[in-house]
Amino acid sequence: MSNSGRPDNILIVDDTPANLQVLAGMLKDRGYKVRPVPSGKLALLAARREPPDLILLDINMPEMNGYEVCQQLQADPVLRGIPVIFISALTEQLDKVKAFATGGVDYITKPFQMEELHARVQTHLKLRHLQTELEETNARLAKANARMSRDLKAAAKIQESFLPRGVTIPGTHVAWVFRPCDELAGDGLNIIRLGDGKVGLYILDVSGHGVASALLSVTLSRLLSPPSEPSSILVEGKDDEGRGFITSPAEVAKLLNQLFPFDSATEQFATLLYGILDCENGEFRYVSAGHPGPVHLPAGADPTILQSEGFPIGIADEPFEERTILLEKGDRMYIYSDGVPEAMDHDGQQFGDGRLLAAIGQGRSDTLYGGVEALVGKISAWRGGRSAHDDVSILAIEIAAVCD
C-alpha cells in the first residue's frame, strides 16, 4: 500500500504471455495494481504515462532487452528512482553484475518461488516509500529554508535601516563597522543628531544570537532613533519653540531599564554604551549599562580604556552613573561591542584589551576610517580565518576642530 492509501502500482515486463499471466495473477491476489506489458518499448510508454511504484523486468526480449529498458529508465529524471527487479532465466554471474550496473535493485532467477518474489517486492516498495517520504520532506524543508532565508534577508534590511546613513558632525570625523556573525545581529549602533550642536552615539549588544536577539536589538534601536521619530526616547517634552529637551544618557539608560526588565524565560539582556557629544566644546557625556568602556586615543598620548561601570539593561534597579570626558582637537574615541576584545584564536585565547589598545594606537597615523579597518583586520587575523563567534561593531569619532 502506497503512502496515499492506494494500492501499489507494479509494471510487469515480459515477452512471454504465460509469464505475464502468472505474475499478474499472483500479484493481484496480493492486492497490488498490476499492469502487464509484453515489450520494452511498451514498458517505457506505460511508465512515462503513469510512473509505477516498482518494475519487474525480464532481460531476454526482442527489439529492446531488459538492460536497454533499464538504461533508458535511468536516463529519465522522472523515472530513474523507480526500483527495477530483474526476473530472468539467465544465471551467469556476469548477467547479474550487468543487471545491477544498469540500475537494477534486485535480481531473481527463473523459476522463482512466489513467496520469495513477494518478500523482495515488499522490501523494495518499502524502501521506495521511505525514499519518496524523504524526498518530500527534503522538498518541504528546502521550501521552508527558502522562505526563512527571504525572511532573514528582510529582517537584516530592517536592522541595516538603523545604521548611520550620511551622518556628518561639524568638526568631527566618524567611522564605523558592523559585522554580524550570523544573518541577523544582536548588536546595534547609530549616530543621531539631537539638535543644539549635540549628537548621540550608541552601541548596544543583546545577549545570544538569532531572531530573538535581533528582535530585541531592533526594538531598542527604535527607541534610540532620531527625535523626529515618535518612538524616540532621546528627547522628552518640548520647549516654547517646539523643540524637545535632550534626555541625559543616564535617563536614557534608566528608561530602557524600566521598559525591559530581565525575563527569566528568555534569559535575554542587553548592554549599552550611550553618550552625547557636544560638538562646540568636545564634551562627551556617556553612560555604560554593562558595556565595555570606550577607548580614548589622545592626540599626543597612549590610548586608554575609560571607566564604564554599570549593570546591563534590565538586570538591576541601581542608578546609572554618567561620566564625562573632554575631547580635544586630534583626539579619537572608539566605542565597540564585546565581540572585539573577546574574539578568539585557534587556542581559545581572547584578543583582549591589551591588543585592542595596541591596535588602536598603531592606527593613529591612518585616517579614522583606515584605523577602524586596520583594527578589524587585526581581529580577523587573530581569529586565523575562523568564523566570528560574536558580532563585531565599532563606532569611532575624531575631533577635527573644537569651538571654545
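Where a number appears in this text, it was derived from the coordinates with a stated rule and is not lab data. These numbers were taken from a predicted model, which means no experiment stands behind them. Every residue, glycine as well, gets a Cβ built from its backbone with ideal geometry; the counts of neighbours run over all protein chains shown.
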Grab the alpha carbons of the range 214-289, take their convex hull, and tell me the volume per residue in Å³. 104 Å³
For the chain, what is the mean residue ellipticity at 222 nm derived from helices alone (per DSSP H run of n ≥ 4: -39500 (n - 2.57); sum divided by total residues; nearest 500 deg cm²/dmol)? -11500 deg cm²/dmol
Find which of Thr168, Ala155, Gln122 sits farthest along the positive direction of the dipole of the range 109-183, computed with +1 on the beta-carbon of Lys and Arg, -1 on that of Asp and Glu, about the Cα centre. Thr168
Fewest Cβ neighbours within 10 Å first, please rank Ile379, Ile108 accordingly. Ile108, Ile379
Per residue, how big is the convex hull around the C-alpha atoms of the range 249-325? Give it to me in cubic angstrom, could you? 85 Å³
With the Cα gyration tensor of the range 317-404 in hand, give its eigenvalues times 5 under a square root as the equivalent ellipsoid semi-axes, listed largest first in whole angstrom. 27, 19, 10
Local electrostatic count, Ala89, Cβ distance below 12 Å [Lys/Arg +1, Asp/Glu -1]: -3
Protection-proxy order for peptides 153-165, 384-396, each taking the mean of Cβ atoms within 10 Å per residue, highest first: 384-396, 153-165
Roughly what % of Cα-Cα distances in the range 111-243 sit above 23 Å, to the whole percent? 57 percent
How are the alpha carbon pair distances in the chain distributed across 10 Å bins from zero to the largest one, expressed in percent? 4, 18, 20, 11, 6, 8, 11, 12, 8, 2, 0
Given charges at beta-carbon only (K, R positive; D, E negative), |dipole| of the chain in Debye: 2040 debye
Amide H neighbours of Thr247 at under 5 Å, excluding residues fewer than 5 places away on the same chain, with H built from the backbone geometry, are Val235, Glu236
Only bridges with both residues in the chain count here: give the DSSP antiparallel percent, nearest 5. 75 percent
Filtering GluC sites (Glu not before Pro) in the range 47-101 by DSSP loop and by at most 14 other Cβ atoms within 10 Å leaves Glu63, Glu92
Treating only the Cβ atoms of Lys and Arg (+1) and Asp and Glu (-1) as charged, compute the dipole magnitude of the range 317-404 about its Cα centre; round to the nearest 20 debye. 560 debye
Calculate I(q)/I(0) for the range 9-136 by the Debye formula, one identical point scatterer on each C-alpha and no solvent, and give its log10 at q = 0.20 Å⁻¹ to two decimals. -1.20
Can you give the net charge of the other residues whose Cβ lies under 11 Å from the Cβ of Cys279, counting K and R as +1 and D and E as -1? -2
Suppose a student asked you for the relative contact order of the chain, using Cα pairs under 8 Å spaced at least 6 residues apart; what percent would you report? 13 percent
Net dipole in debye of the range 161-399 [+1 Lys, Arg Cβ; -1 Asp, Glu Cβ; about Cα centre; nearest 20]: 600 debye
Return the Rg/Rh ratio of the range 161-399 with Cα-based radii and a Kirkwood Rh. 0.95
Quick one: length gained pulling Ser248 to Glu283 fully straight, 0.36 nm per residue minus the C-alpha distance? 11.3 nm
All other residues with a Cβ under 14 Å from the Cβ of Val69 taken together, and with Lys, Arg as +1 and Asp, Glu as -1, what is their net charge? -2
